[in-house]
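Novice: Before we start, here is the structure in question, set down as structure tokens.
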Amino acid sequence: MNLDKLFNDSYERVSNMGENNNLFFDCFYEKFIGSSTEIADKFKNTDMKKQKLMLRSSILYIMQLFSTHELHEYMEEIAIKHNKKHLNIQPELYDVWIECLIETVRELDPYFNEHIELAWRMFFSPGITYMKFKYDK
Ligand code: HEM
């Protein structure tokens, strides 16, 4: 079982779906924002079109962290932006974030299975650990 291949093939299948090539990010934010009023509140003044683009590009740095162990300085910028002193995104909200991401892949990837789920979780775990770690730094 090769996690790189499982993840990359799955990401390729889902990341440009739909008429606007953005179905994945549309579905993800619908789930994430719909998951609680606390999360909906955080995004109440957000330009979601821009937000989806930002997430698309930041995901690349998260993937890079898993595959190369390279912490790009952009990751640090994002983590600081989310920390206690700024957006104040509590660590447990990242658990909701990853569950919504996995649910989105489950819905959209026609080949979704347990191995693909594990590959996604593994790819995102260093990035999520890092975001949580930076919360009170
Ligand atoms: C690994 C997970 C996450 C990644 C990669 C990520 C990525 C990003 C990026 C790239 C931005 C834009 C930053 C900028 O404007 O320069 C952003 C903004 C934001 N994120 Fe996250 N995020 C993550 C998790 C979360 C979670 C769990 C929440 C909880 C609600 C959250 C809430 C927000 C909010 C409220 C903004 C600001 C929106 C605005 O500008 O109005 N993010 N995120």
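Novice: Can you give me the convex hull volume of the Cα atoms of the chain, divided per residue and expressed in Å³?
Specialist: Hull volume over Cα atoms, normalised by residue count, gives 105 Å³.
Novice: Could you pull out the pairs from K44/K84; K5/K84; K44/K85 whose alpha carbons sit more than 24 Å apart here? Please list the in-between numbers first.
Specialist: Values: K44/K84 19 Å; K5/K84 36 Å; K44/K85 19 Å.
Going by Cα-Cα distance, K5/K84 fall outside the 24 Å limit.
Novice: Moving to a separate point now. Among N22, N45, N83, whose mean-square fluctuation peaks in a Gaussian network model of the chain (Cα, cutoff 10 Å)?
Specialist: N45
Novice: Name the residue farthest towards the positive end of the dipole of the chain from the options N83, Y111, S36, assuming +1 on Cβ of Lys and Arg, -1 on Cβ of Asp and Glu, about the Cα centre.
Specialist: N83
Novice: For K50, list the aspartates and glutamates whose Cα falls under 18 Å from its own Cα; do not include residues on the same chain fewer than 8 positions away.
Specialist: E19, D26, E30, D41, E77
Novice: Right, something else. Mind checking the per residue accessible area of the chain for me, 1.4 Å probe, whole number of Å²?
Specialist: Computed with neighbouring chains in place, this is 60 Å² per residue.
Novice: Taking all protein chains in place and a 1.4 Å probe, what share, in percent, of the accessible surface of the chain do carbon and sulfur account for?
Specialist: Details: 4350 of 8200 Å².
Carbon and sulfur together cover 53 percent of it.
Novice: Given a Förster radius of 22 Å and the C-beta distance between S36 and F133 as r, what FRET efficiency does 1/(1 + (r/R0)^6) yield to the nearest 0.05?
Specialist: With a Förster radius of 22 Å, E is 0.45.
The values are calculated or read from the model by the stated rules, or taken from the named source; none is laboratory data. What you see is a predicted model; the values in this text were computed from it and never measured. Neighbour counts are summed over all protein chains in view; Cβ atoms, including those assigned to glycine, are modelled from backbone coordinates with ideal geometry. For the accessible areas, the whole protein counts, side chains as well, though only heavy atoms, and no ligand, DNA or RNA atoms are used. Shrake-Rupley method; radii C 1.70, N 1.55, O 1.52, S 1.80 Å.
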